[in-house]
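Below is one structure, written out as structure tokens, with a few remarks after it.
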Amino acid sequence: MEELQSTDVLDREILEDARKKAYRILKASEEGVKSAAELWEKRATAAIAESKEHYASRFVTMKDEVVARLILDKRRIRSEKVESLLKTAMFGYLQSLPRETLLSLLENELRLRLTELRETNEFPTTSMTVRIKNLSNAESEAILKKYLTPGTWTLETTSTATLVEDKFPRLTLDAPSVRINASIDSVGYDLLEDKRTELLVALLGDAALEGGLA
């Protein structure tokens, strides 16, 4: 009997010891899970905060970029409208000039081109082909004879079907080494650059200069 009791006591002690060990293991596991959960919660919170900060900063940057782009687009559109007004005003003025004045401007343009070539020793020594647009043969010959030696050029009239959208007289002199263009259009663009500020003020007032369009 004593041996049986001793065995029962031993079994109980073994079971109690096992129970305590199991409890400690479970307790350690529970604390590990809790610690891991807290760690992941901290990491998740930090990640969320970082993401919020990143997207908030990105939103501000995108907003600034959009605003800057809108300002640039507004300025570009305004500049294009003003440029269109300037061109319309300039070429409207040229269209109002008498034919004799337009021919005089064209002649002066040709004279400047030929003078520049002579000064740089680039004036063609071979025969040139002269093409005309919006000019009669008589008008073009009257101009050419003043600056070119007879026999050094040949007049070639461009047919109406091949004309570009030129509204004004044009002379084009072709030689193997150089092409010389003289036109009222180029006169208009030169005047537009030289008189831009005056035209802006005349069309839009002094406020145009404040917008940086001069």
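Among the conditions (1) closer than 26 Å to ARG179 by Cβ; (2) part of a helix (DSSP H, G or I), the only one that ARG131 does not satisfy is (2).
Scanning segment 69-117 for residues that are free of Cβ contacts under 8 Å to residues at least 12 places away in the same chain and open to solvent by less than 40 Å² (accessible area, probe 1.4 Å), we see that the one that is farthest from the chain's Cα centre (by Cα) is LEU97.
Every condition in (1) at pLDDT 85 or above; (2) part of a helix (DSSP H, G or I); (3) of a type in the set (A, V, I, L, M) is met by LEU173 except one, and the failing one is (2).
The set of residues from segment 69-85 being aliphatic (A, V, I, L, M) and modelled with pLDDT under 75 comprises LEU70, LEU72.
Among the criteria (1) more than 16 Å from ALA175 (Cα to Cα); (2) without any contact (Cβ under 8 Å) to a residue 24 or more places away in the chain; (3) not in a helix (DSSP H, G or I), the one THR125 does not fulfil is (1). Has segment 42-57 got at least one residue that is open to solvent by 70 Å² or more (accessible area, probe 1.4 Å) and within 21 Å of the chain's Cα centre (by Cα)? Scanning segment 42-57 turns up no residue that is open to solvent by 70 Å² or more (accessible area, probe 1.4 Å) and within 21 Å of the chain's Cα centre (by Cα).
Here the condition is being farther than 21 Å from LEU112 by Cβ, modelled with pLDDT under 70 and surrounded by 13 or more Cβ atoms within 10 Å (Cβ to Cβ); of LEU204, LEU163, LEU200, it holds for LEU204 alone.
The values are calculated or read from the model by the stated rules, or taken from the named source; none is laboratory data. Because the structure is predicted, anything quoted here is derived from the model rather than measured. All Cβ positions, even for glycine, are placed from backbone atoms using ideal geometry, and neighbour counts span all protein chains on display. These accessible areas exclude ligands, DNA and RNA; they are computed on the full protein's heavy atoms, side chains included. Shrake-Rupley method; radii C 1.70, N 1.55, O 1.52, S 1.80 Å.
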